[in-house]
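Written below as structure tokens is the structure these notes are about.
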Amino acid sequence: MLSLHVLLLCAIAGLHLLISADGDPMIEVFKWKQLDFYNGKDGYMDLWSRLCIPDPHVYNSRKCLGSSNSGASSTGSFIQYNNVPQGVTHFRRRLFVTVPRRQEGIPSTLNYIDLAMDGWNQSPNLRAYPNFALNQYNASEQNLVSVYRTSVDACGRLWFVDTGMLEFPNNRQQIRRPSIWVIDLANDRLLKRFEIPQSIVEIGRGLASITVDVDARRCADAFAYIPDLVNRRLHVYHLRSDRIWSFEHSYFNFDPLSDDLNIGGQTFRWDDGIFSATLGAYKPDGSRDVYFHPMASTNEFVVSNKVLKQECNAARSDHGDDFQLLGTRGPSTQSTMHKYDPRTGVIFFAEVQKSGVGCWKTSKPFSTENHGSVYSNSSEMIYPSDLTIDEEGYIWVMSNSMPIFVYSKLDVQKYNFRIWRQATSLAKRGTVCE
């Protein structure tokens, strides 16, 4: 059996090859036919398969033995097929992967891959974060319910929204208030849990991403921007004052001319409103532009963070010219997430219709001609659900075949979920984003 030392060397060598790669705009790092998990409170116990047995009454399900750290979900059953990853964020040898509770049988909604221990594995098992116990929603009112995407800020903190909702088909349940979480990644301790009041949102459905605006020299003065794709609002949370407020604008609505989608062989219509927000470069006055878009749209919009940071501005009935239309990215460029890279001055887009990654150099006018294509693969990058950029300048993309899961059936003999990676400097090469 290989020693841990040898495995670490292999993992490091594999990562080095990825870093040095030159050629493919996006490189496949991990892929799964179906997800599996390590279980136990510390994430280092035996695998599910060693403590669970097949359940003949439920498709692709396993009943787990009744141990307190057996790895079973809060309902006591692990349904492997129902586990669809959504978000991916990298920070210093850990890759955070979220699995929202949109179906029954999900053991942990917030997870990570230990790249030093499991980076060599093509299909690594997920480890519950920060531990298995906190992911058991029925065990405590303070535990995690459902997380879609995460974000790491300049102060080394993990931010995310727990929607508090079980989104089971035909049986949605808001079992607790949606909440904003902040965890110190230096010691994995919870720094803040803020319950979003009912005056802001009735339910947590639609709170699918979070963007953090903070200077590393003033970590307490952080602002978080939370798009609400269902209510078509942009919520702003201020850490220091522990207050939250909401902006409404017509630019947060979906575009009825762009809501027809054809992805992975599935044709459907989605009306998702404002979905993603990303911060641009610092300006001489210290402000930054916030770029945003609805998912069911090919348009991009912008507002200054100076506007969003003032709670009194949210109460205005007329925002004047504060929110502006930049333009259109072009046909079939509907995007889930996008992220600005300060090293290259490029915004990268996860484009669901093109099954790929697009780009725009922010120093150039926003136009269809200046919108580039980094990568497109309709057979493998089916529905890029998340795109993040780490502190080292690498893009990470999750593709999860979501439309096939929702409207058809995943072939569990094929790879359905993939994580991709590339340096931003290489990703833009050969495109109009140079």
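The values are calculated or read from the model by the stated rules, or taken from the named source; none is laboratory data. Here the structure is a predicted model, which is why all the values come from computation and not from measurement. Cβ placement follows ideal geometry from the backbone for every residue including glycine, while neighbour counts extend to all protein chains displayed. Each accessible area value is taken on the protein alone, full model and side chains, heavy atoms only, with ligands, DNA and RNA left out. Shrake-Rupley method; radii C 1.70, N 1.55, O 1.52, S 1.80 Å.
Would you work out the relative contact order for the chain, in percent, from Cα pairs under 8 angstrom that are 6 or more residues apart?
Normalised by residue count, the contact order of the chain is 13 percent.
Just from the alpha-carbon atoms, what are the Rg and Dmax of segment 281-353 in angstroms?
Reported Rg and Dmax, both Å: 13.8, 38.
Using Cα-only point scatterers and the Debye equation, what is log10 of I(q)/I(0) for segment 201-293 at each q in 0.16 Å⁻¹, rounded to two decimals?
-0.74
Probe of 1.4 angstrom, ligands and nucleic acids ignored: what's the accessible area per residue over segment 159-231, in square angstrom?
Per residue, segment 159-231 has 41 Å² of solvent-accessible surface.
How would you order 378-387, 241-250 from highest to lowest mean count of nearby Cβ atoms within 10 Å?
Result, highest mean Cβ count within 10 Å first: 378-387, 241-250.
Largest first, how would Ile200, Ile274 line up by accessible area (1.4 Å probe)?
Heavy-atom accessible area, descending, gives Ile200, Ile274.
Report, to two decimal places, the Cα Rg of segment 146-239 normalised by 2.2 N^0.38 Å (N = number of residues).
Here the answer is 1.08, to two decimals.
Compute a Gaussian network model of the chain, connecting alpha carbons closer than 10 Å, and tell me which residue from His371, His319, His90 fluctuates the most.
Looking only at His371, His319, His90, the largest GNM fluctuation is found for His319.
May I ask which residue of Leu326, Met165, Met26 lies farthest towards the positive end of the charge dipole of the chain, with charges of +1 (Lys, Arg) and -1 (Asp, Glu) on Cβ and the Cα centre as origin?
Value: Met165.
Of Tyr129, Tyr251, Tyr415, which is the most mobile in a GNM of the chain whose springs link Cα atoms less than 10 angstrom apart?
Tyr415
Local charge sum around Asp162 (other residues, Cβ-Cβ under 11 Å, Lys/Arg +1, Asp/Glu -1)?
Computed value for this residue: +3.
How much mean residue ellipticity at 222 nm does the chain get from its helices, if each DSSP H run of length 4 or more adds -39500 (n - 2.57) and you divide by all residues, to the nearest 500 deg cm²/dmol?
-2500 deg cm²/dmol
Report, to the nearest 10°, how far helix 4-20 tilts away from the longest principal axis of the Cα atoms in the chain, using its own Cα long axis and a range of 0 to 90°.
Helix 4-20 sits roughly 30 degrees off the main axis of the chain.
Over the chain, what percent of the accessible surface lies on carbon and sulfur atoms, probe 1.4 Å?
49 percent
Report, ordered by chain and residue number, the lysines lying within cross-link reach of Lys192, taken as a straight Cα distance under 20 Å and ignoring same-chain residues fewer than 8 apart.
Lys309
So what does the Cα-only Debye profile of segment 124-170 read at q = 0.26, 0.28 Å⁻¹, as log10 I(q)/I(0), no solvent term?
Values, matching the q order: -1.11, -1.15.
Using a Gaussian network model on the chain with a 10 Å cutoff between Cα atoms, which of Gln80, Gln173, Gln34 fluctuates the most?
Gln173
What are the extents of the Cα atoms of segment 63-202 along their three principal axes, listed from largest to smallest and rounded to whole Å?
Result for segment 63-202: principal-axis Cα extents of 39, 38, 25 Å.
Quick check on packing: order 345-358, 108-121 by the mean number of other C-beta atoms within 10 Å, highest mean leading.
In decreasing order of mean packing, 345-358, 108-121 become 345-358, 108-121.
Would you mind computing, in nm to one decimal, how far apart the modelled labels at Arg240 and Ser332 are, each placed 7 Å from Cα along Cα→Cβ?
Computed distance between label sites Arg240 and Ser332 equals 4.8 nm.
Quick check: convex hull over the Cα atoms of segment 362-434, volume per residue in Å³, rounded to an integer?
Cα-based convex hull of segment 362-434, divided per residue, equals 119 Å³.
Compute the relative contact order of segment 95-202 as a whole-number percentage, counting only Cα pairs closer than 8 Å that sit 6 or more residues apart in sequence.
It comes to 20 percent, rounded to a whole number.
For the pair Met117 and Gln413, how long in nm is the line joining their label points, each one 7 Å along Cα→Cβ?
Simple spin-label model gives 3.4 nm for this pair.
Once you have the Kirkwood Rh of the chain from its Cα pairs, apply Stokes-Einstein at 37 °C and 0.692 mPa s and quote D in µm²/s.
Answer from the Stokes-Einstein relation: 150 µm²/s.
Which pairs break 19 Å Cα to Cα here: Lys31/Lys428; Lys339/Lys428; Lys283/Lys428; Lys354/Lys428?
Lys31/Lys428; Lys283/Lys428
Starting from the Cα of Lys309, step 7 Å along the direction of its Cβ; do the same at Leu190; then give the gap between the two resulting points in nm.
About 2.9 nm separates the two model spin labels.
Using the Cα centre of segment 91-172 as the reference point, and only Cβ charges (+1 on K/R, -1 on D/E), how large is the resulting charge dipole? Debye, rounded to the nearest 20.
Dipole about the Cα centre, nearest 20: 200 debye.
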